[in-house]
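The next block holds one structure in the form of structure tokens; read it before the comments.
Throughout, read-outs are computed from the coordinates displayed, never taken from laboratory work. Given the structure is predicted, the values throughout are model-derived calculations rather than measurements. So basically every Cβ, Gly included, is an ideal-geometry build from the backbone, and we count neighbours across all protein chains shown.
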């Protein structure tokens with residue numbers, strides 16, 4: 001289908017296709033979009049090109065040589081960068097969306113550089129984060145976990161950390177931080193697409209027997225406790241240290257001191273001023289939602305974005321074994337939890 005970002009009905013139709021995992025999403029033509037995408041191409045073609053490049057470095061490698069990869073994925077603006085800093089502060093190599101960087105190169109016809117994974121003998125555990133969205137349809141629909149598995153990463157060496165954030169807050173962040181790169185109408189449409197696409201990644205993981213832990217941004221309101229239980233759930237209790245949560249860089253530094261965060265090379269168009277808030281610790285950052293209009297909020301409900309978030313919260317409460325009292329403090333009535 002041709003998406004009309006100015007039409008709520010068109011966005012809702014796209015949302016229906018995503019929730020149904022309709023095969024037409026893979027084959028619909030995606031027109032060029034300025035500096036972000038110079039090719040007329042399908043998502044299927046882009047996914048195949050990235051998969052083939054990844055497979056070159058994975059091929060003929062025994063399963064036991066792949067590190068255990070803790071793979072965090074969610075729509076953009078869900079606190080994933082702070083989480084990558086946190087894992088990097090533990091001493092674990094922490095990769096910043098290497099797969100989306102490859103997808104973005106493919107969208108403009110650049111030669112692809114494979115993601116080189118170290119040997120498990122050298123690095124037994126890795127962290128990587130991928131975000132879905134925001135600028136074009138391809139990166140708002142793509143499934144980064146599928147790229148890994150199709151390229152040959154052993155599912156038993158993966159653990160998906162499924163990320164989410166309260167929808168109005170996340171949308172407000174998109175509209176505030178990304179407006180210099182896309183129109184409000186485009187960002188709203190792509191936000192809906194990305195939010196629903198992110199929910200599909202968890203379903204894909206389960207079908208391929210990849211363990212899933214849901215980690216919703218609002219749990220970072222109690223950062224030490226939430227990170228401790230996350231690491232316990234991942235089997236990383238020995239790697240947990242309170243200093244990795246509370247003692248980062250000085251506030252005027254862009255990224256955490258000594259964090260082993262590995263960034264890809266990306267085009268200048270993706271370097272958005274003040275995209276990430278510098279901080280001296282891992283903590284919750286509240287977001288005002290007054291700029292999100294009633295019509296935009298209604299569209300989130302209509303398209304199932306709020307339902308996806310409610311499901312993520314319920315799964316997070318289950319996965320982290322949160323008590324009723326803790327759940328109420330963290331999520332309150334907006335998540336359907338009694339305050």
If you find the alpha carbon centre of the range 274-316 and of the range 136-184, how far apart are they in angstrom? 14 Å
In what order do 123, 301, 166 fall by count of nearby beta-carbon atoms within 10 Å, going from fewest to most? 301, 123, 166
If you wrap a convex hull around the C-alpha atoms of the range 147-234 and split its volume per residue, what is the figure in Å³? 117 Å³
Packing-based exposure ordering (other Cβ within 10 Å, fewest first) of 248, 115: 115, 248
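Kindly rank 168-175, 107-114 from highest to lowest mean number of other beta carbons found within 10 Å of each residue.
Going from most to least packed, we get 168-175, 107-114.
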Any idea what the relative contact order of the chain is, in percent, if you count C-alpha pairs under 8 Å spaced at least 6 apart? 22 percent
Using Cα pairs closer than 8 Å and at least 6 residues apart in sequence, work out the relative contact order for the range 121-262, in percent. 27 percent
At 222 nm, what value in deg cm²/dmol follows for the chain if DSSP H runs of at least 4 each add -39500 (n - 2.57) and the sum is divided by all its residues, to the nearest 500? -13500 deg cm²/dmol
Order of 136-142, 192-198, 42-48 by packing, highest average Cβ count within 10 Å first? 192-198, 136-142, 42-48
Write down the radius of gyration of the chain and its Dmax, each obtained from C-alpha positions, in Å. 19.0, 54
Just how far, in whole angstrom, is the range 65-100 from the range 190-235 if you go by their alpha carbon centroids? 12 Å
D (µm²/s, integer) via Stokes-Einstein for the range 1-124, Kirkwood Rh across alpha-carbon pairs, 25 °C, 0.890 mPa s: value 143 µm²/s
Relative packing of 317-324, 236-243, 146-153, which averages over residues the other C-beta atoms within 10 Å, highest first: 146-153, 317-324, 236-243
Counting other C-beta atoms within 10 Å, which of 145, 299 has the fewest, and how do the rest follow? 299, 145
All-pairs alpha carbon distance profile, the range 54-127, 10 Å steps from 0, percent: 17, 43, 35, 6
